[in-house]
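Student: Quick one: the structure is below, and I'll ask about it shortly.
The values are calculated or read from the model by the stated rules, or taken from the named source; none is laboratory data. Small disclaimer: the values here were computed from a predicted structure and weren't measured. Every residue, glycine among them, receives a Cβ derived from its backbone with ideal geometry; neighbour counts consider all protein chains shown.
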Amino acid sequence: MSVVHRVKQAVFRRLRRLAGPLTHGRGAILCQHRVLPESEKSPISVPRDLELSTGHFASVLDMLSRQGCEFVPLDGLTDRLSQAGRRRLIAVTLDDGYRDNLTVALPLFERFGVPFTVYITPGLLDGTVDPWWYSLQTLLLGRQTAILPGSPPTSLPCDTPADREAAYRALYRQVVDAGAGRLAVLEAIWRANGLDAPPPAAPGLFLTWDELRDLAAHPLATIGAHTLTHPRLIWLDPAGIVAELRGSRERLEQEIGRPVRHVAYPHGSERDMPPGIAQLAREAGFETGTTTIPRCLSPSDRDRVWTLPRKALPGHGEDLDIADRMLRGWDDRFDPRLRRRLEATKTFC
Ligand SMILES: [Zn+2]
């Protein structure tokens with residue numbers, strides 16, 4: 001890195017600190033999925049976006065500590081938003097229920113004294129919901145060609161990492177473009193590739209219920225709900241939405257023997273939010289609901305506790321300076337180049 005570049009970065013860091021009170025509001029809720037050693041991250045970029053390396057995540061937590069941020073649990077967070085205070089509040093959340101949340105992330109949270117919430121989808125722990133974003137990866141890693149269904153079907157080479165990346169994106173696009181017909185398209189993909197069922201994702205990808213109970217008993221941990229089957233809620237009617245939300249709360253409470261007060265909506269972007277979601281989440285018994293709308297927290301979020309914003313650090317191209325900018329709210333307002341880069345690495349949640 002040249003001296004000029006280093007000086008520029010230092011100047012911009014100083015500017016961001018000065019502009020901080022205007023951009024970062026009261027802090028941020030982090031929305032992550034997995035934490036893994038670099039060597040265990042996915043070889044294909046789309047699942048890799050869900051995976052932060054242990055080293056990068058430790059650097060982010062260390063940076064936030066040094067900046068004087070206060071790590072807070074979700075319980076009580078919204079009451080703090082309207083209270084005066086100069087320290088940025090940071091709440092950490094992890095979606096879906098991956099096993100590495102216990103085995104890899106927890107030791108980091110203990111090291112930095114970070115309370116955290118894990119949002120669980122019971123169907124993923126039960127094995128009744130296919131984590132298709134990982135099953136697609138398994139499909140491609142085990143063969144030389146894969147078939148993209150269609151008229152006619154297309155043969156996709158999978159010999160090299162670049163081939164597999166291109167094949168994954170073609171299959172992934174077909175699934176996502178199917179909208180509510182996603183399950184039928186996935187079945188067609190498995191069938192076209194000679195399979196009766198999804199290829200198993202890596203063993204031990206998700207927590208067992210016993211492991212979840214261990215995690216729930218940890219003083220830093222909060223367990224939240226993430227629906228029963230991880231649907232796009234916008235495709236369901238209000239009764240279906242409440243059934244997914246309430247059903248996951250009740251199942252989790254039964255399994256861990258503690259109240260479950262917080263929910264994260266799967267996918268969770270602005271366009272994925274069904275009308276009236278705040279009322280439906282309230283009806284389903286939750287005290288807060290989090291989206292993936294990428295904003296920092298502001299005092300007015302005290303009045304929007306069922307649609308709180310969250311920021312997701314991308315696992316693709318990890319960069320501490322980008323993490324700093326994102327969590328200071330710099331990306332939303334002043335940096336279209338950074339915003340474009342983040343939009344290019346959307347996560348599933
Ligand atoms: Zn999710």
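Student: Would region 300-321 turn up any residue that is in contact with a His (Cβ under 6 Å, 6 or more places away or on another chain), at pLDDT below 95 and over 15 Å from GLN32 (Cβ atoms)?
Tutor: No, region 300-321 contains no residue that is in contact with a His (Cβ under 6 Å, 6 or more places away or on another chain), at pLDDT below 95 and over 15 Å from GLN32 (Cβ atoms).
Student: Now for a different question. On the basis of being more than 21 Å from the chain's Cα centre (by Cα), outside the structural domain of VAL114 (by TED's automatic domain parsing), of a type outside the set (S, T, N, Q) and more than 16 Å from the ligand (Cβ to nearest atom), does GLU187 make the cut?
Tutor: Yes: the conditions hold for GLU187.
Student: Are any of the residues in region 84-92 of a type outside the set (D, E, K, R) and within 16 Å of the ligand (Cβ to nearest atom)?
Tutor: yes
Student: In the list LEU36, LEU64, LEU50, which residue meets the criterion of being hydrophobic (A, V, I, L, M, F, W, C) and in contact with a Gly (Cβ under 7 Å, 6 or more places away or on another chain)?
Tutor: Only one candidate passes the filter, namely LEU50.
Quick grid of which residues meet (1) closer than 17 Å to GLY123 by Cα; (2) touching a residue at least 24 places away in the same chain (Cβ under 8 Å); (3) surrounded by fewer than 23 Cβ atoms within 10 Å (Cβ to Cβ):
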| residue | (1), (2), (3) |
| --- | --- |
| HIS218 | no, yes, yes |
| THR229 | yes, yes, yes |
| GLU250 | yes, no, yes |
| ARG261 | no, yes, yes |
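Student: Tell me, which residue of region 135-168 that is crowded, with 18+ Cβ neighbours inside 10 Å and free of Cβ contacts under 8 Å to residues at least 24 places away in the same chain is farthest from PHE206 (Cα to Cα)?
Tutor: In this case the residue turns out to be LEU156.
Student: Consider region 179-212. How many of its residues are modelled with pLDDT under 90 and either touching a strand residue (DSSP E or B) at 6+ places or on another chain (Cβ under 9 Å) or more than 14 Å from PRO131 (Cα to Cα) (or both)?
Tutor: Residues in region 179-212 being modelled with pLDDT under 90 and either touching a strand residue (DSSP E or B) at 6+ places or on another chain (Cβ under 9 Å) or more than 14 Å from PRO131 (Cα to Cα) (or both): 2 in total.
Student: Tell me which residues, restricted to region 131-147, are more than 30 Å from GLY97 (Cβ to Cβ) and within 30 Å of the chain's Cα centre (by Cα).
Tutor: ILE147
Student: Among the residues in region 269-292, are any at pLDDT below 95 and of a type in the set (A, V, I, L, M)?
Tutor: Yes, region 269-292 has at least one match.
Student: I've got another one for you. Which one of these is within 16 Å of the ligand (Cβ to nearest atom) and of a type outside the set (Val, Ile, Thr): GLY224, GLY257?
Tutor: GLY224
Student: Moving on. Going by the structure shown, is THR117 surrounded by fewer than 17 Cβ atoms within 10 Å (Cβ to Cβ) and within 26 Å of GLN254 (Cα to Cα)?
Tutor: no
Student: Right, next: Can you name the strands (runs of 3 or more DSSP E) wholly within region 1-81 that have at least 1 residues being of a type in the set (Gly, Ala, Ser) and not assigned by TED's automatic domain parsing to the domain that holds ALA166?
Tutor: Where strands (runs of 3 or more DSSP E) fall fully within region 1-81 and carry at least 1 residues being of a type in the set (Gly, Ala, Ser) and not assigned by TED's automatic domain parsing to the domain that holds ALA166, they are 27-32, 51-53.
Student: Looking for whichever is closer than 18 Å to CYS31 by Cβ, of a type in the set (Asp, Glu) and outside any loop (DSSP other than H, G, I, E, B) here; the options are ASP321, ASP301. Which one fits?
Tutor: ASP301
Student: Okay, moving on. Restricting to region 190-223, give me the number of residues that are of a type outside the set (A, V, I, L, M), under 22 Å from the mean Cα position of the chain (by Cα) and over 23 Å from VAL114 (Cβ atoms).
Tutor: The qualifying residues number 5.
Student: Before we move on, is ARG282 farther than 19 Å from ASP96 by Cβ and touching a helix residue (DSSP H, G or I) at 6+ places or on another chain (Cβ under 8 Å)?
Tutor: no
Student: Also, quick follow-up: Just checking, does region 51-67 include any residue being within 16 Å of the ligand (Cβ to nearest atom) and within 30 Å of PRO203 (Cβ to Cβ)?
Tutor: The answer is yes, given that some residue of region 51-67 is within 16 Å of the ligand (Cβ to nearest atom) and within 30 Å of PRO203 (Cβ to Cβ).
Student: Tell me the residue from LEU195, LEU171 that is crowded, with 17+ Cβ neighbours inside 10 Å, more than 16 Å from the ligand (Cβ to nearest atom) and either aliphatic (A, V, I, L, M) or free of Cβ contacts under 8 Å to residues at least 24 places away in the same chain (or both), please.
Tutor: Exactly one residue qualifies, and that residue is LEU171.
Student: Further, regarding this structure: Test of understanding: among ARG87, ARG80, which residue is under 26 Å from PRO299 (Cα atoms) and touching a Gly at 6+ places or on another chain (Cβ under 7 Å)?
Tutor: ARG87
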